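Data first, discussion second: the structure below is written as structure tokens.
The values are calculated or read from the model by the stated rules, or taken from the named source; none is laboratory data. Since this is a predicted model, take the numbers as computed values, not measurements. When we count neighbours, we look across all protein chains shown, and the Cβ atoms used for this are built from the backbone with ideal geometry, even at glycine.
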Amino acid sequence: MSDFGEVRGLLHDAEPSLEAFERLIALFRQAEDRVEAERLWLPYALEHLEAWPDAARAQTLSEEAVVDLDHFRWIPLGRELTLAYQSTKRLRDLVDSPLFAGLRSFTLEQDSAPDMMLHWIAWSPHTQALEALSIHGVKSEGGVRALAESGLRLKSLDLFDSSVGSAGLAALSASPMIETLEVLALASCEVGDEGLRALAPVSYTHLTLPTIYSV
């Protein structure tokens with residue numbers, strides 16, 4: 001069976017699962033003719049993956065798995081992406097790339113994200129589908145304000161050990177995003193009493209309260 005035949009078989013016959021998705025990604029990565037894979041396989045796969053749940057379309061890319069942006073070319077197949085320890089330039093290039101456009105969940109697994117990371121996500125025209133964002137260790141207080149002004153409609157926001165600031169929380173509480181947020185994780189963000197007062201006017205009926213107050 002050809003590789004494309006196996007791709008078709010997975011999409012038609014396999015039960016949607018992370019294992020099946022990982023095999024699908026492996027087939028794309030090992031394709032001998034990448035032009036054919038992009039022009040023929042990718043549109044075919046995207047059409048059939050629409051029926052798969054987002055949780056079965058999750059990718060994790062380690063530092064070792066990525067040499068340059070070319071290794072990101074199959075990200076559109078997924079809905080959830082976890083990256084570990086990428087260079088600042090590589091992260092900026094990815095967020096600015098149309099490859100990011102279909103993602104609904106993005107997690108950056110490194111202790112300290114670039115200070116401008118939240119700004120890049122806020123400013124990119126390719127992040128509007130995001131529903132969940134987890135980025136740790138951002139030390140620029142303007143990043144939360146940029147997110148609040150971005151028009152993103154996140155359901156989950158985890159900013160562990162980041163510089164959020166009372167101004168950032170005030171901007172967030174006044175933004176449309178606060179109406180869609182279901183989880184707001186600010187553990188070790190040191191927002192303090194002033195920051196919590198900025199959130200005080202918000203109706204918390206739709207938010208996960210214990211997560212908010214892990215400060």
By residue number, the members of the stretch 76-90 that are surrounded by fewer than 20 Cβ atoms within 10 Å (Cβ to Cβ) and aliphatic (A, V, I, L, M) are L77, A84
Selected residue (only one of V191, V183 is of a type in the set (V, I, T), surrounded by 20 or more Cβ atoms within 10 Å (Cβ to Cβ) and either more than 18 Å from S112 (Cβ to Cβ) or at pLDDT 90 or above (or both)):
V191
